[in-house]
Amino acid sequence: MSKLKIGLALGGGGARGAAHIGVLKVLHKNGVIPDVIGGTSAGALVGAMYAATQDIEWIDKRFREFLSSEAYEEMGVNRLQSDQNPESVIGQVTKFVQDKLVFAMVLTRTSIIKKDRLTKAFDYLIPVKTFEELKVPLNVYATDLQSGETICYSTGDLIDAVTQSGSIPGFVEPTKQKNKLLVDAGISAPLPVRELKDKANFIIGVDISRGAPKEPMKKVNIIEIITRAERITSQYYTDMLSDESDFLIRPDVLGLHWSAFDKYDLLVENGIKVANEKIVELKDKIKYRKSLRYRLFHLSSN
């Protein structure tokens, strides 16, 4: 690719996806418009809203309306919030199961909520139904639990693709598709930098992962040990992917759990803050990558 093509990789993180909105406010205002977007989970949702409208203020307004809507209430996210705030998605779901469900139900059910509740929420938030209606090319990722493969969607039913990408294992019902069992891409592509490499030659990664644990475990038992180990492994992999981006933006998400939608305003502001701090450096790097000097250097090094 001779022309600089900017890819925007938006990572997963549930409520922490509000930070993506803050980052996009600054990028859009400064004319840093991606040629292609790749999104995982919350990143797929925000990416779809932006690719459909390129109107970041509408996205912010719509999301605020959603948080007061029936569609949000029906998702039951508030039931998962807890002062104890276990380390990971697995830990949070495990605690819910431990406290609210009988063991027999755990053996027969695949999720806490049905997929159609998430579909209804995303249908409320995303103003178009298909990839073909988008203004910016978008790639949405899901994980096949049967094979471990990352599945990419870029055509067809947009709402279903984003629903699959945001189907948190154990919380949202997975999608059965022939021999596949499709869930949140946070498992295999928490920050979809690698997935965009063949579609763009300058990747901006926006990482909204919680970061490494900073506090010691409050309890040391089987569940806490398993969830802490899972969080460390997930963060290690996300950090590796972050390092592969050409430019990384990492908002301070305060280590918040994916269900902390009550912190929406703060997360948006933190996204704006870090993007404002990085925007001059980003624009300079993009300018250099477009320059004749860079192209000559790149040719000579090859």
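The values are calculated or read from the model by the stated rules, or taken from the named source; none is laboratory data. Everything numeric in this text was worked out from a predicted model, so none of it was measured. Heads up, the Cβs are rebuilt from the backbone with ideal geometry, glycines too, and the neighbour counts pull from every protein chain shown. Side chains included, ligands, DNA and RNA excluded: accessible areas come from the protein's heavy atoms. Shrake-Rupley method; radii C 1.70, N 1.55, O 1.52, S 1.80 Å.
Ordered by solvent-accessible area of protein heavy atoms (1.4 Å probe), largest first, the residues 116, 144 come out as 116, 144. Residues within the reach of a label modelled at residue 5 (point 7 angstrom out along Cα to beta-carbon, backbone nitrogen below 12 Å), restricted to segment 179-200, are 196-200. Using the Cβ-Cβ distance between residue 130 and residue 252 with R0 = 25 Å, the FRET efficiency computed as 1/(1 + (r/R0)^6) comes to roughly 0.10.
What the Cα convex hull of the chain gives, in volume per residue, is 139 Å³.
Round to a whole angstrom and tell me the spacing of the C-alpha centers of segment 166-185 and segment 228-265. Rounded to whole Å, the Cα centres lie 21 Å apart.
Based on the alpha-carbon gyration tensor of segment 1-68 and its eigenvalue square roots a ≥ b ≥ c, which shape applies: rounded if a/c is under 1.5, prolate if not and a/b is larger than b/c, or oblate?
Numbers: a/c = 2.32, a/b = 1.59, b/c = 1.46.
Note, shape of segment 1-68 comes out prolate.
Using a 1.4 angstrom probe on heavy atoms only, work out the carbon and sulfur share of the accessible area of segment 197-256 in %.
Numbers: 1990 of 3300 Å².
Carbon with sulfur: 60 percent of the solvent-accessible area.
Residue 242: net charge of surrounding residues, Cβ under 10 Å, Lys/Arg +1, Asp/Glu -1, itself excluded? Walk me through the numbers before you get to the answer.
On the way: positive: 250; negative: 207, 239, 243, 244.
The answer is -3.
Excluding residue 53 itself, what net charge comes from residues whose Cβ is under 10 Å from its Cβ, given Lys and Arg +1 and Asp and Glu -1? Neighbourhood net charge equals 0. Counting heavy atoms of the protein chains alone, residue 147 has an accessible area of about 80 Å² for a 1.4 Å probe.
For the pair residue 236 and residue 220, label points projected 7 Å from Cα toward Cβ lie 2.0 nm apart.
Taking amide H as placed 1.01 Å from N in the peptide plane, residue 149 has its amide H under 5 Å from the amide H of 144, each at least 5 places away in sequence or on another chain. For the options 115, 176, 25, a Gaussian network treatment of the chain with springs between C-alpha atoms closer than 10 Å singles out 176 as fluctuating the most. For the chain, a crude dipole built from +1 on the beta carbon of Lys and Arg and -1 on the beta carbon of Asp and Glu, taken about the Cα centre, is about 620 debye to the nearest 20.
Give me the 1.4 Å probe accessible area per residue for segment 122-210, excluding ligands and nucleic acids, in Å². Per-residue accessible area for segment 122-210 comes out at 38 Å². Computed from backbone phi, the HN-Hα couplings of segment 229-237 come to 4, 5, 5, 5, 4, 4, 5, 4, 5 Hz, rounded to whole numbers (Karplus: 6.51 cos²θ - 1.76 cosθ + 1.60, θ = phi - 60°; Gly and Pro given as x). The spacing between segment 29-57 and segment 272-294, judged by their C-alpha centroids, is 18 Å.
For the chain, DSSP calls about 40 percent of its internal beta bridges antiparallel.
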